[in-house]
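Following: one structure in structure tokens, then a few remarks.
The values are calculated or read from the model by the stated rules, or taken from the named source; none is laboratory data. Because the structure is a prediction, the values reported are computed rather than measured. So basically every Cβ, Gly included, is an ideal-geometry build from the backbone, and we count neighbours across all protein chains shown. Please note that ligands, DNA and RNA were not included when accessible areas were found on the heavy atoms of the full protein model with its side chains. Shrake-Rupley method; radii C 1.70, N 1.55, O 1.52, S 1.80 Å.
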Amino acid sequence: MPSPNRFDTLDAMRGLAAFAVVVYHTSRPNPLGYLAVDLFFILSGFVLCHAYGGRIELVNFIRIRLIRLYPMFLAGVLVGLAIRGGNPASLLLVPDWTSERLYPMNTALWSVAYELLASIGFGLLYRFGWKAWLPFWAGSGLIWCSVLVQTGQGSLGMTWDGQEFALARLTFTFTTGIALYWLFQRYGKRIESHWAWLVCIAPVALTFWADLPLVLALTILLPACVLAGAIIELPAKRFAKLSGDISYPLYAIHLPIVALFGWISVPIVLVASFLLDRYIDRPVRRWLTAKTARLVKAA
């Protein structure tokens, strides 16, 4: 039976998408691998709605999101600094103003910083209901789809050039996730089926379709995958949990390593991601949650 508190198919989908990003950064056999980042943003909007559907106290919510995002962001920066060098200010989430890229030591981390930005927007606006999100979804969708049609360039965000369009990319995909959760709440009836494997694999398969129209992918195909993944639950619970657990560490640390060592380093990155999740990320987050909760209560 599907768990009311977990979306196993979405967990597995996130892990497979993170691996698709690793493949993309290794030798780019999947030319649209960057679509996995758009999928992450859609999933984030969906999952945050599910986890924080009630009243949100902004300061406490941002504390929770920082604790969730920062430890592995820090790990990613440390790996990047060790391999490539760079600006130590990035350890504090500060992008490198002197470089062409926001985080040149580990380019992939731009989306983590944007994820935090989306969390702040979510905390500020969610209490006002879906009508507060509608103008952002419609406006950013119009801007981002226009950019995609005119340029065919869907991977904006890692460099300073085109940041205004990258913000539209984030806003559209994140609010699409919110809209999908609204649809799921009202019309979704969950089932468990082995067909969920196809749903998990579908977003990854799309990244290999070089001629895929990006507007079609972002407005129809990826949202359809997420909604189907929320409804059709994967029976393989252990795989789903493991896949979801390692997805963020894998995304955070892989790029400097695979860019330097190539395919031979992929198994090492996978094992390192598992170890980071189990022995660093989870214990550190538990410790930070306990410590900061006391500070919040004291204040």
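Quick check on the range 41-86: of everything there that is over 15 Å from the mean Cα position of the chain (by Cα) and among the charged types (D, E, K, R), which residue is most open to solvent (accessible area, probe 1.4 Å)?
Among those residues, the one meeting the criterion is Arg55.
Residues that are aromatic (Phe, Trp, Tyr), out of contact with any strand residue (DSSP E or B) (no Cβ under 6 Å at 6 or more places or on another chain) and more than 25 Å from Leu124 (Cα to Cα): which helices (runs of 4 or more DSSP H) entirely in the range 156-261 hold 3 or more of them?
On the way: elements: 163-187, 196-206, 222-231, 237-261.
In the range 156-261, 237-261 are the helices (runs of 4 or more DSSP H) which contain 3 or more residues that are aromatic (Phe, Trp, Tyr), out of contact with any strand residue (DSSP E or B) (no Cβ under 6 Å at 6 or more places or on another chain) and more than 25 Å from Leu124 (Cα to Cα).
What about Leu48, is it closer than 30 Å to Glu192 by Cα and either out of contact with any Pro (no Cβ under 6 Å at 6 or more places or on another chain) or not in a loop (DSSP other than H, G, I, E, B) (or both)? Outline the logic, then answer.
Working: closer than 30 Å to Glu192 by Cα: yes; either out of contact with any Pro (no Cβ under 6 Å at 6 or more places or on another chain) or not in a loop (DSSP other than H, G, I, E, B) (or both): yes.
Judged against the criteria, Leu48 is a match.
Does Ala138 meet the test of being out of contact with any His (no Cβ under 8 Å at 6 or more places or on another chain) and surrounded by fewer than 21 Cβ atoms within 10 Å (Cβ to Cβ)?
Criteria met by Ala138.
Search the range 76-101 for residues being in contact (Cβ under 8 Å) with a residue 60 or more places away in the chain and charged (D, E, K, R), and hand back the single one that is nearest to Ala259 (Cα to Cα).
Checking each candidate, the answer is Arg84.
Could you list, in sequence order, all residues of the range 251-262 that are touching a residue at least 60 places away in the same chain (Cβ under 8 Å) and over 24 Å from Leu39 (Cα atoms)? Before you say what the answer is, go through the steps one by one.
Taking the range 251-262 as the starting set, the residues that turn out to be touching a residue at least 60 places away in the same chain (Cβ under 8 Å) are 251-260, 262.
Of everything in the range 251-262, those that are touching a residue at least 60 places away in the same chain (Cβ under 8 Å) and over 24 Å from Leu39 (Cα atoms) turn out to be Leu260, Gly262.
Does the range 210-224 include one or more residues that are over 25 Å from Asn106 (Cβ atoms), of a type outside the set (A, V, I, L, M) and in contact with a Leu (Cβ under 8 Å, 6 or more places away or on another chain)?
Yes, there is a match, as at least one residue in the range 210-224 is over 25 Å from Asn106 (Cβ atoms), of a type outside the set (A, V, I, L, M) and in contact with a Leu (Cβ under 8 Å, 6 or more places away or on another chain).
Give the residues of the range 139-155 that are of a type outside the set (Val, Ile, Thr), over 21 Å from the mean Cα position of the chain (by Cα) and part of a helix (DSSP H, G or I), sorted by residue number. Reasoning before the result, please.
Looking only at the range 139-155, we keep the residues that are of a type outside the set (Val, Ile, Thr), and these are 139-142, 144-146, 148, 150, 152-155.
So of that shortlist, the ones also over 21 Å from the mean Cα position of the chain (by Cα) come out as 139, 142, 146, 150, 152.
The answer is Gly139, Leu142, Ser146, Gln150.
Tell me whether the range 17-40 contains one or more residues that are touching a His at 6+ places or on another chain (Cβ under 6 Å), touching a residue at least 60 places away in the same chain (Cβ under 8 Å), among the hydrophobic types (A, V, I, L, M, F, W, C) and surrounded by 20 or more Cβ atoms within 10 Å (Cβ to Cβ).
Pass one, the range 17-40, residues touching a His at 6+ places or on another chain (Cβ under 6 Å): 22.
The next check asks that each one be touching a residue at least 60 places away in the same chain (Cβ under 8 Å); those that pass are 22.
If we keep only those that are among the hydrophobic types (A, V, I, L, M, F, W, C) too, we end up with 22.
Right, trim to surrounded by 20 or more Cβ atoms within 10 Å (Cβ to Cβ) and you get 22.
Checked the range 17-40: at least one residue is touching a His at 6+ places or on another chain (Cβ under 6 Å), touching a residue at least 60 places away in the same chain (Cβ under 8 Å), among the hydrophobic types (A, V, I, L, M, F, W, C) and surrounded by 20 or more Cβ atoms within 10 Å (Cβ to Cβ).
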